[in-house]
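Only one structure is covered here, and it is reproduced in the block below.
The values are calculated or read from the model by the stated rules, or taken from the named source; none is laboratory data. Everything quoted here is computed from the prediction, not taken from an experiment. Every residue, glycine as well, gets a Cβ built from its backbone with ideal geometry; the counts of neighbours run over all protein chains shown.
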Number of protein chains: 2
Amino acid sequence: MLRRNFLGKLVIIALLGSCSNLLLTAWVQAQDPLPSWNEGPAKKAIVALVRATTDKASPKFVPPEKRFAAFDQDGTLWVEQPMYTQVKFCLDRVPAVVQAKPELAQVEPFKTVLSGNREAMAHLSAQDLEKILTATFTGIPVEDFSAAAKKWLETARDPRWQRPYTELTYLPMLEVLQYLRAHGYKTYIVTGGGQDFVRVYSSRVYGIPPEQVVGTAVGTKYGYGPDGKPFLTREPKLLLNDNFAGKVEGIHLMIGRRPQAAFGNSTGDREMLEYTGAGSGPRLMMLVLHDDARREYAYGPARGLPDSRIGTFTPALDAEAKTKGWVVISMKKDWKKIFAWE
Amino acid sequence: MLRRNFLGKLVIIALLGSCSNLLLTAWVQAQDPLPSWNEGPAKKAIVALVRATTDKASPKFVPPEKRFAAFDQDGTLWVEQPMYTQVKFCLDRVPAVVQAKPELAQVEPFKTVLSGNREAMAHLSAQDLEKILTATFTGIPVEDFSAAAKKWLETARDPRWQRPYTELTYLPMLEVLQYLRAHGYKTYIVTGGGQDFVRVYSSRVYGIPPEQVVGTAVGTKYGYGPDGKPFLTREPKLLLNDNFAGKVEGIHLMIGRRPQAAFGNSTGDREMLEYTGAGSGPRLMMLVLHDDARREYAYGPARGLPDSRIGTFTPALDAEAKTKGWVVISMKKDWKKIFAWE
């Protein structure tokens, strides 16, 4: 009898505990989950997706295990101008590589990089960049790559704000990540950038663990050090080019499910948004438009904004967004604050 | 004052609720988490890892976000004899493929498959099997592949027990998966089998979601149907061969971290166990030895067991396990029960 009483009390206490948790949850939900967003269609669309998919009474309810959201990184979660952060990381490595292999000093694209001519460097082709990536960061153990990236991120500073690159994340987007996760969404980065690069800081900066980072990846090769200890070497072989249609292929490979929501900012995200939108049930597709030269950058060339080789947002993409109900986020109008340190 | 009282009560109730949860957790922990295991070094090793890595006072404590365990599937989580389940799935598809392309009927290896000669089929080479896989399940949308696998699994029966293949999972290993997850471990399948095949049933059968299945994968290609709807096609191109060293490469690609524990049963798992063991801190490496012909199968050729082309467990692997402290699980001695329906 005593035991039954004890267990009964235990159950009552557990139930009361659950009730108080529910009350606390309700209180948290009553706060604005997106305080850096101005009221408008963009904010409304995000809140509407979360409400519809997490309310069990909603016809659009999505069970927690199917709640996935995919985020492009460069230009969507953090600044990508005047140059992708990872490209700068590789360029900064060139002098050390040339010191080890002096014959490269007279060979393009290394010659241009060593010249220090920013204008010329900004015009390096994708093939040039691939050559640089191969020369700087393949043929080395994956641990060495991670250590080099970590060290570089600690000291490197963005040319405009003179801050660590990892401080150039967009506060409103960090709020979206947090808001989605608080409602059972698994948040993934799906980036054209290097998977191993982003994994170095994704947990700390975005709260996204390494296994939820899908990115461009080189192959690796298993081997042994002189001490017999096994390690993986980064091979000069592209395994996954996580751009354009490659983003969808990467999502299938690494997640195996269609996201409920996808966030991007350029033509490189078009297929990811299209694929996300082709699923049944409630979906949210959003594109960040960089239209705030004062607080960040302004580039398109959609809506008369200056053209850009990086993060191109074409009028055609803008038109497609309109047709398909993808929501364009105006940095200027939708974001109260862009950076946490503003 | 009323409000403070209310909040105070809320906090007390929440605390009591947490206490009762703790008591319930303690009660659950007091139960044997591995009831299908006999007492012995194997069971002891599993419990020791969990205790050491989850006790905050332990010098071997591992924070939850770093708790990963990798499981081979064929021969480790379910039966792999007399033929890998997925191979049977592909072979069963051959008649339909030949009906669509009658010229294949006279071409090997299709001719052998159509002959129905089990002995001959059992001796098909890896290249033959790749030809069959390519002919049966590439050039089709990924959704069609998943639908075909799902349908086949519903009706196909294992030749020995006449049960659905998904019932041929090892109960003691299901308990290990459950036990690890209950202690904050993320459980992954790392299989030489096809990633998209295993993903069809991994949630239901193992409690492992699709995104935690690492396996052999073909490339996919993004395209559009006649209705303009985008879809992915399975390409006849191997992207990831998740066997031997490929398992480590797959782990790096898909997880990006070294597991704390790895479970396998054959030479194909050697590198995965070696890589897991090369990490610092507490690690657990285990190999299932199939030494129970009566209840399941007996094959090695380690320890005088019959040789096998599938799931080979060589004397060299056995010796390496001994040297490196990998724990060999004897199905005969360590497992009270092998299947849930026994």
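When restricted to residues that are under 27 Å from A:Leu124 (Cβ atoms) and free of Cβ contacts under 8 Å to residues at least 12 places away in the same chain, the range A:275-308 contains 4.
Among the conditions (1) crowded, with 20+ Cβ neighbours inside 10 Å; (2) over 30 Å from A:Asn38 (Cβ atoms); (3) touching a Ser or Thr at 6+ places or on another chain (Cβ under 6 Å), A:Leu177 misses just one, which is (2). The single condition among (1) surrounded by fewer than 19 Cβ atoms within 10 Å (Cβ to Cβ); (2) among the aliphatic types (A, V, I, L, M); (3) touching a helix residue (DSSP H, G or I) at 6+ places or on another chain (Cβ under 9 Å); (4) not assigned by TED's automatic domain parsing to the domain that holds B:Phe71 that B:Leu133 does not satisfy is (1). Among the residues of the range A:230-251, none qualifies, meaning not one is surrounded by fewer than 20 Cβ atoms within 10 Å (Cβ to Cβ) and closer than 24 Å to A:Ala45 by Cα. Quick check: anything in the range B:73-81 of a type in the set (D, E, K, R), in contact with a helix residue (DSSP H, G or I) (Cβ under 6 Å, 6 or more places away or on another chain) and surrounded by 19 or more Cβ atoms within 10 Å (Cβ to Cβ)? Looking through the range B:73-81, none of the residues is of a type in the set (D, E, K, R), in contact with a helix residue (DSSP H, G or I) (Cβ under 6 Å, 6 or more places away or on another chain) and surrounded by 19 or more Cβ atoms within 10 Å (Cβ to Cβ). Among the criteria (1) surrounded by fewer than 18 Cβ atoms within 10 Å (Cβ to Cβ); (2) within 22 Å of B:Leu174 (Cα to Cα), the one B:Pro306 does not fulfil is (2). Which one of these is polar (S, T, N, Q) and in a helix (DSSP H, G or I): B:Gln178, B:Gln162? Only one candidate passes the filter, namely B:Gln178.
Before we move on, is A:Met121 surrounded by 14 or more Cβ atoms within 10 Å (Cβ to Cβ), without any contact (Cβ under 8 Å) to a residue 40 or more places away in the chain and under 27 Å from A:Gly246 (Cβ atoms)?
yes
Residue by residue through the range B:60-72, note down the ones that are of a type in the set (A, V, I, L, M) and surrounded by fewer than 21 Cβ atoms within 10 Å (Cβ to Cβ). Result: B:Val62, single match. The residues listed here are B:Leu91, B:Leu49; of these, the one that is surrounded by 13 or more Cβ atoms within 10 Å (Cβ to Cβ) and either in contact with a helix residue (DSSP H, G or I) (Cβ under 6 Å, 6 or more places away or on another chain) or within 14 Å of chain A (Cβ to nearest Cβ) (or both) is B:Leu91. Within the range A:201-214, the set of residues being in contact (Cβ under 8 Å) with a residue 40 or more places away in the chain and either facing another protein chain (nearest Cβ under 10 Å) or closer than 19 Å to B:Asp242 by Cβ (or both) comprises just one member, A:Val214. Looking at (1) part of a helix (DSSP H, G or I); (2) away from chain B (no Cβ under 13 Å); (3) free of Cβ contacts under 8 Å to residues at least 12 places away in the same chain; (4) not charged (D, E, K, R), which one does A:Pro226 not meet, given that it meets all the others? Looking at each condition in turn, A:Pro226 falls short on (1). Restricted to the range A:333-342, and to residues that are among the charged types (D, E, K, R) and surrounded by fewer than 17 Cβ atoms within 10 Å (Cβ to Cβ), which residue is nearest to A:Pro164 (Cα to Cα)? Filtering first and then ranking leaves A:Glu342.
For the range B:237-250, residues that are more than 9 Å from every other protein chain (Cβ to nearest Cβ), under 16 Å from A:His252 (Cα atoms) and touching a helix residue (DSSP H, G or I) at 6+ places or on another chain (Cβ under 7 Å) total 0. The residues of the range B:138-159 that are charged (D, E, K, R) and not in a helix (DSSP H, G or I), listed by number, are B:Arg157, B:Asp158. Take the conditions (1) farther than 30 Å from B:Arg51 by Cα; (2) of a type outside the set (A, V, I, L, M, F, W, C); (3) touching a residue at least 24 places away in the same chain (Cβ under 8 Å); (4) buried (at least 20 other Cβ atoms within 10 Å of the Cβ); B:Pro109 misses just one of them, which is (3). Among (1) farther than 24 Å from A:Arg234 by Cα; (2) not in a loop (DSSP other than H, G, I, E, B), where does A:Ala135 come up short? Only one criterion in (1) farther than 24 Å from A:Arg234 by Cα; (2) not in a loop (DSSP other than H, G, I, E, B) is unmet by A:Ala135, namely (1).
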